[in-house]
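The values are calculated or read from the model by the stated rules, or taken from the named source; none is laboratory data. Quick caveat: nothing in here was measured; it's all calculated off a predicted structure. Cβ coordinates were reconstructed from backbone atoms using ideal geometry, including for glycine residues, and neighbour counts include every protein chain displayed. Remember, those area values only see protein heavy atoms, side chains included, never the ligands or the DNA or RNA. Shrake-Rupley method; radii C 1.70, N 1.55, O 1.52, S 1.80 Å.
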Amino acid sequence: MDYNSRRAARPGLLWAPRVAATERLGGSSMENGRPPDPADWAVMDVVNYFRTAGFEEQANAFQEQEIDGKSLLLMTRNDVLTGLQLKLGPALKIYEYHVKPLQTKHLKSSSS
């Protein structure tokens with residue numbers, strides 16, 4: 001199943017990693033209809049997440065700073081606003097609409 005088919009099957013899903021390790025090994029990258037835990041994302045998964053979300057230019061900062069999924073989940077608002085050297089507007093959107101919700105979702109799924 002390609003990316004567009006997966007996206008059409010789950011219209012509420014904003015993004016799924018390109019090809020997860022389990023999918024390359026013949027398994028399924030999906031568990032209970034959800035993408036893999038962001039803590040398992042490689043740097044390029046993080047970069048592709050932000051590119052797909054419409055932050056093509058800003059995604060490069062995550063690659064330059066070698067931000068993988070575990071690092072992404074540890075980022076503070078200040079890290080995103082100043083540490084990545086992004087323009088303020090996109091940095092605010094990245095943190096509020098992407099980093100923070102991913103952190104919240106990860107905490108909820110890891111505590112259940």
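Listed by position, the helices (runs of 4 or more DSSP H) inside the stretch 64-112 whose residues that are modelled with pLDDT under 95 and among the basic types (Lys, Arg) number at least 2 are 100-111. No other residue among Val47, Val43 is open to solvent by less than 30 Å² (accessible area, probe 1.4 Å), closer than 22 Å to Leu107 by Cα and either in contact (Cβ under 8 Å) with a residue 60 or more places away in the chain or within 10 Å of the chain's Cα centre (by Cα) (or both) apart from Val47.
For the stretch 76-95, the candidate set comprises residues that are under 23 Å from Asp37 (Cβ atoms) and among the β-branched types (Val, Ile, Thr); within that set, the residue that is most open to solvent (accessible area, probe 1.4 Å) is Thr76. Within the stretch 53-75, track down each residue that is surrounded by fewer than 18 Cβ atoms within 10 Å (Cβ to Cβ) and either within 20 Å of Thr104 (Cα to Cα) or among the aliphatic types (A, V, I, L, M) (or both). Residues satisfying the conditions are Ala53, Lys70, Ser71, Leu74. Restricting attention to the stretch 24-39 and to residues that are surrounded by fewer than 18 Cβ atoms within 10 Å (Cβ to Cβ) and under 19 Å from Lys100 (Cβ atoms), the residue that is modelled with the lowest pLDDT turns out to be Arg34. Residue count for the stretch 46-63 satisfying the condition of being assigned to a loop (DSSP other than H, G, I, E, B) and either aliphatic (A, V, I, L, M) or closer than 19 Å to Pro36 by Cβ (or both): 1.
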